[in-house]
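Reviewing the structure listed below.
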Amino acid sequence: MSGNMSMRGSAWNMDGEAARRVEAWTRDYTPLPGVPDEYMGPDGQPRAHWTQFLQTLARIDDQEMERRFASADRHIRDMGISFRAFGETNDRAWPLSHVPMLLAEDDWAEISAGVIQRAELLDTVLGDIYGPGRLVAEGALPAAAVSGCADFLRPVIGTEPRNKRWLNLYAADIGRGPDGRWWVLGDRTQAPSGAGYALENRLVLSRAFPTLYRDMNVERLAPFFKSFREGLTASSERFEPRICLLSSGAWSETYFEQAYLARYLGFLLVEGEDLFVRDGVVFVRTIAGPKRADIIWRRVDADFCDPMELNAASQLGVPGLLNAIRSGSVNVANMPGSGLLESRALMGFLPNLSKKLLGQDLAMPNIATWWCGQPSERAEVLDRLPEMAIAGAFTDHVPGFEGQRTINGADLSPADQARLRDAIHRRGIDYVGQEVVRLSTTPVIENGRLQPRPFVLRVYVTSTPDGGWRVMPGGFCRVSDRQDSRAITMNDGASSADVWLLSQKPVEVTSLLPSESDIKITRYLGNLPSRAADNLFWFGRYIERTEATLRIIRSLSNRGLDNSIPGHEAQSSAEKLTRMLFAWGALGTPPKDAPMPDFTSTSAATLALHAADHYGSALALSRGAMRAASIIRERLSPDAWRLLHSLEIQLNQDPNIILSEP
């Protein structure tokens, strides 16, 4: 690598110390052979925009850089930025990479054109599948490739979206192919996640390095979210429509993101039980009575949206929602049934469908895919099994190999390979063969040096009021912690990098966040959902009880520290306060007709602060407040959440705190 960086001293025009630091960062940077990399170009030289980035970053000394990284990590903890891995009950702190992923304008032009074309194609395909059905009737799309997917919803057939768009928000997972061009690895059409985390990544990193962010002319994300909001608003007949974000609740893996986006965009965060349908119209249950819901941004899987016509066991949806969609009284984004396009079975047909429907070749190709529901494709997959990656056609795992998202044929034992061949022979429609992918890499910092790590970039496209599409200038980047990774999920220890699209000219400052001098208090009387009102009430009660407990503990601590009070008076007062804490539930079950347990003021105060198993302790009450707050966090200011989160952490981690008067 040192030979590749021979221009550092002169061409970079840096002082000696900065040049030394860049040399130290990049000395061992060696991408895997044949794998495209974001830092190193095809010619083996650093890309110009990365050179500029490192040159600017090197002006910050090591101590200051560590302080800023620590500040960013602390902000993530204080604000409770988190996600939940599937099957877990506790949230994980959001893992933000300290190095952004950089994209130049020429790369972005290729990406933007490719994802816009793909969004238009997929929207058109959905309109035909649930409409006239010509693609299946004419043989361009096998019926089994459509009906075999659990996300194909028969009740939606014949339904037309009110704004004529099936996809209001589309996302494509992309990476560089072996030739360095961008390829689509997967489509996200059900309820694309990650846009809120991409926005939070930007806010955290730009706050840590504001000068660097400005000097690099990074394109802002706010105009994209503004277009998304305007696109939804335009789909309603009412001048000021009520837009709801339908969430599956606080146990959702991405609930933080949903609450954050609802607050950022000014949407009403609701759950299924907040909504009901009457005479084909969706209403929100509020403390002032029913209020009409005009637009629903769906973050619940479509099958769970309407227990009357879809999954009858669902407790997350709204009975009668599909009927309301048919009546045209509500627009749902994305439309139920759009998750069909995420199935791998359809990927192999998209190149021909693009020519048929758009008259164009795919501007951005996807992974070569062979659906085994067709005899010739099945035969090719079986003949080339050691060269193929096998995946489920309609599921996230390989049928018969539970827990495995993809299987490389070359990695199978002879017995497993024979078992897989037999399964494909018997029921080929459940499998696809795909080209084996080695993910391209981007730099991360490990032990003070840049190292290449595989990544997947998720790019978002939204429909606009004029019928067009707009691409988010950046995206949601997941970076693996392993050098040779074939699949990346946040559950497996990956981190997320902010994505900087670099402009060659200064970027206009735009934001949807209020400035400190322009914070307006707006009162929406009667718009509060009943469930949110209930949780706000209990949140307030928990806070009130926490404060009362802390006041008693402070008084008890002062009695033990104040030498000016006679001993017998201090003891009598301490005993009364201890009885109050027993009655309050902070010290366990109150004693009945028994002598008071022999507590010192210090031990009683400590137990009342930190005993999680006592329902009236400060820790238990603060946790109750956190639980209620987590359900209504879109209604809490960042400062309120940070203070509440800080209190819960302090009580949970420091059992030796003794509150006293300052």
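Being at pLDDT 90 or above and in a strand (DSSP E or B) narrows it down to one of ARG541, ARG478, so name that one.
ARG478
Determine the pairs where a residue that is under 16 Å from VAL218 (Cβ atoms), located within the range 459-480, has a partner that is of a type in the set (S, T, N, Q) with Cβ atoms under 7 Å apart, the partner being 6 or more residues away or on another chain.
Final answer for the pair search is VAL471/SER112; PHE476/SER496; CYS477/SER496.
Can you tell me how many residues in the range 222-258 are among the acidic types (Asp, Glu) and either within 18 Å of ALA85 (Cβ to Cβ) or in a helix (DSSP H, G or I) (or both)? Show your work before the answer.
Step one: filter the range 222-258 for residues among the acidic types (Asp, Glu), giving 230, 237, 240, 253, 257.
Filter again for either within 18 Å of ALA85 (Cβ to Cβ) or in a helix (DSSP H, G or I) (or both), leaving 230, 253, 257.
Looking only at that region, the number is 3.
Where the second residue is modelled with pLDDT of 90 or more and surrounded by 14 or more Cβ atoms within 10 Å (Cβ to Cβ) and the first is among the aromatic types (Phe, Trp, Tyr) and lies in the range 483-510, which pairs have Cβ atoms under 6 Å and are six or more apart or on separate chains?
Final answer for the pair search is TRP500/PRO100; TRP500/LEU102; TRP500/VAL218.
Does the range 62-77 hold any residues that are open to solvent by less than 50 Å² (accessible area, probe 1.4 Å) and in contact (Cβ under 8 Å) with a residue 40 or more places away in the chain, and which are they?
Answer for the range 62-77, where residues must be open to solvent by less than 50 Å² (accessible area, probe 1.4 Å) and in contact (Cβ under 8 Å) with a residue 40 or more places away in the chain: PHE69, SER71, ALA72, HIS75, ILE76.
How many residues does the range 271-308 contain that are in contact with a strand residue (DSSP E or B) (Cβ under 9 Å, 6 or more places away or on another chain), surrounded by 18 or more Cβ atoms within 10 Å (Cβ to Cβ) and free of Cβ contacts under 8 Å to residues at least 24 places away in the same chain?
So the answer is 1.
State yes or no: is ALA586 buried (at least 21 other Cβ atoms within 10 Å of the Cβ), of a type in the set (Gly, Ala, Ser), in a helix (DSSP H, G or I) and at pLDDT 80 or above?
For ALA586, the condition - buried (at least 21 other Cβ atoms within 10 Å of the Cβ), of a type in the set (Gly, Ala, Ser), in a helix (DSSP H, G or I) and at pLDDT 80 or above - is not met.
So which of ARG449, ARG470, ARG458 ends up being at pLDDT below 95 and basic (Lys, Arg)?
Checking each option against the conditions leaves just ARG449.
Can you name every residue in the range 41-61 that is under 18 Å from ARG207 (Cα atoms) and surrounded by fewer than 15 Cβ atoms within 10 Å (Cβ to Cβ)?
ASP61
For the range 103-119, enumerate the residues that are in contact with a strand residue (DSSP E or B) (Cβ under 7 Å, 6 or more places away or on another chain) and under 13 Å from TRP469 (Cα atoms).
Matches in the range 103-119: SER112, GLY114, VAL115, ILE116, ARG118, ALA119.
Taking the range 154-196 as the search range and keeping residues that are among the acidic types (Asp, Glu) and farther than 18 Å from LEU103 by Cα, which one is least open to solvent (accessible area, probe 1.4 Å)?
Of the residues in the range 154-196, the ones among the acidic types (Asp, Glu) are 160, 173, 179, 187.
From what is left, the residues that are farther than 18 Å from LEU103 by Cα are 160, 187.
On the way: GLU160: 108, ASP187: 5 Å².
Going through the qualifying residues, I end up with ASP187.
Among the candidates LEU321, LEU358, LEU350, LEU340, single out the residue that is open to solvent by 10 Å² or more (accessible area, probe 1.4 Å) and of a type in the set (A, V, I, L, M).
Going through LEU321, LEU358, LEU350, LEU340 in turn, the sole match is LEU358.
So which of ALA345, ALA368 is touching a residue at least 60 places away in the same chain (Cβ under 8 Å) and surrounded by 24 or more Cβ atoms within 10 Å (Cβ to Cβ)?
ALA345
Please go through (1) at pLDDT 75 or above; (2) open to solvent by 20 Å² or more (accessible area, probe 1.4 Å); (3) hydroxyl-bearing (Ser, Thr, Tyr) for SER463 and return the number of the only condition it doesn't satisfy.
(2)
Which members of the range 536-549 meet the condition of being open to solvent by 40 Å² or more (accessible area, probe 1.4 Å) and farther than 11 Å from SER622 by Cα?
Matches in the range 536-549: LEU536, PHE537, TRP538.
So which residues in the range 199-220 are in a loop (DSSP other than H, G, I, E, B) and either on the phi > 0 side of the Ramachandran plot or open to solvent by less than 10 Å² (accessible area, probe 1.4 Å) (or both)?
PHE209, MET216, ASN217
Do you know which residues across the range 82-102 are acidic (Asp, Glu) and touching a strand residue (DSSP E or B) at 6+ places or on another chain (Cβ under 6 Å)?
ASP91
Residues in the range 396-411: is at least one closer than 30 Å to PRO46 by Cα, exposed (fewer than 14 other Cβ atoms within 10 Å of the Cβ), at pLDDT below 95 and in contact with a Pro (Cβ under 8 Å, 6 or more places away or on another chain)?
The answer is no, given that none of the residues of the range 396-411 is closer than 30 Å to PRO46 by Cα, exposed (fewer than 14 other Cβ atoms within 10 Å of the Cβ), at pLDDT below 95 and in contact with a Pro (Cβ under 8 Å, 6 or more places away or on another chain).
The values are calculated or read from the model by the stated rules, or taken from the named source; none is laboratory data. Source: prediction; values computed, not measured. For neighbour counting, all protein chains shown are included, and Cβ atoms are generated from backbone atoms with ideal geometry for every residue, glycine included. We work out accessible area using only protein heavy atoms, side chains counted, and drop any ligands, DNA or RNA first. Shrake-Rupley method; radii C 1.70, N 1.55, O 1.52, S 1.80 Å.
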